[in-house]
1. What are the residues in region 112-130 that are at pLDDT below 95 and in a loop (DSSP other than H, G, I, E, B), if any?
2. Quickly run through region 131-143 and pick out the residues that are under 26 Å from SER71 (Cα atoms), in a loop (DSSP other than H, G, I, E, B) and open to solvent by less than 20 Å² (accessible area, probe 1.4 Å).
3. Enumerate the helices (runs of 4 or more DSSP H) found wholly within region 1-46, keeping only those where 1 or more residues are surrounded by 13 or more Cβ atoms within 10 Å (Cβ to Cβ), of a type in the set (Lys, Arg) and at pLDDT 90 or above.
4. Taking the condition over 17 Å from MET122 (Cβ atoms), charged (D, E, K, R) and over 15 Å from the mean Cα position of the chain (by Cα), does ARG28 pass?
5. Output the qualifying pairs, or none if there are none: Cβ atoms under 7 angstrom, residues six or more apart or on different chains, first residue in region 61-81 and without any contact (Cβ under 8 Å) to a residue 24 or more places away in the chain, second residue among the aliphatic types (A, V, I, L, M) and open to solvent by less than 60 Å² (accessible area, probe 1.4 Å).
6. Mind checking which pairs have a first residue in region 107-130 that is basic (Lys, Arg) and a second that is open to solvent by 40 Å² or more (accessible area, probe 1.4 Å), Cβ under 8 Å, 6 or more apart or different chains?
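The values are calculated or read from the model by the stated rules, or taken from the named source; none is laboratory data. Every value quoted in this text rests on a predicted model; they were computed, and no experiment measured them. Because the Cβ atoms are built from the backbone with ideal geometry, glycine has one as well, and the counts that use them run over all protein chains shown. Surface accessibility is based on the protein's heavy atoms, side chains included, excluding ligands, DNA and RNA. Shrake-Rupley method; radii C 1.70, N 1.55, O 1.52, S 1.80 Å.
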Amino acid sequence: GTPGTTYPFPDGANVVARAWSDPAYKKRLLEDGTAAVAELGFTGNRMVVLENTPAVHNVVVCTLCSCYPWSVLGLPPTWYKMPAYRSRVVIEPRKVLREFGLDLDDSVEIRVWDSSAELRYMVLPERPEGTGHLSQDELAALVTRDAMIGVAKVRAPATVS
């Protein structure tokens, strides 16, 4: 788990793909993440889902330890637990994101969310352009753990068939 390494985690990726494909589910997900995630069979954490948009980019951290929504995202990356990430992303989020290879325009507002034992956050990444024809399973295959933490964006497939 080094910065920039991406691993697909089907549970969270399926939540994201469903939200991209189903506007009613997306609305429920953003209003009550815990209940909407549970609809797909994933429980265990009180969840708030944060939507990335062209104007706002959300990133998740746990400054105290490494609180993380295991039930949806699987194992946390090693860097997520490191003191350097936990302290720096709060102070200089744009610089830290750049180190992950995510260079956001200065006009984009970055919001940092601090997870806790009581409340876990998950990012709903922006749906990439040119993916309107993809099935929910194909969309889920594009979603990475790093995108659901907010240190990466979801990319459209390189070749479209």
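1. Those that are at pLDDT below 95 and in a loop (DSSP other than H, G, I, E, B): SER115, SER116, ALA117, GLU118, LEU119, GLU129, GLY130.
2. Result: VAL143, single match.
3. Numbers: elements: 10-21, 23-31, 33-39.
Helices (runs of 4 or more DSSP H) meeting the threshold: 10-21, 23-31.
4. Working: over 17 Å from MET122 (Cβ atoms): no; charged (D, E, K, R): yes; over 15 Å from the mean Cα position of the chain (by Cα): yes.
No: the conditions fail for ARG28.
5. Going by the 7 Å Cβ cut-off, there are no qualifying pairs.
6. Listed by first residue and then by second, the contacts come to ARG120/ARG46; ARG120/VAL48.
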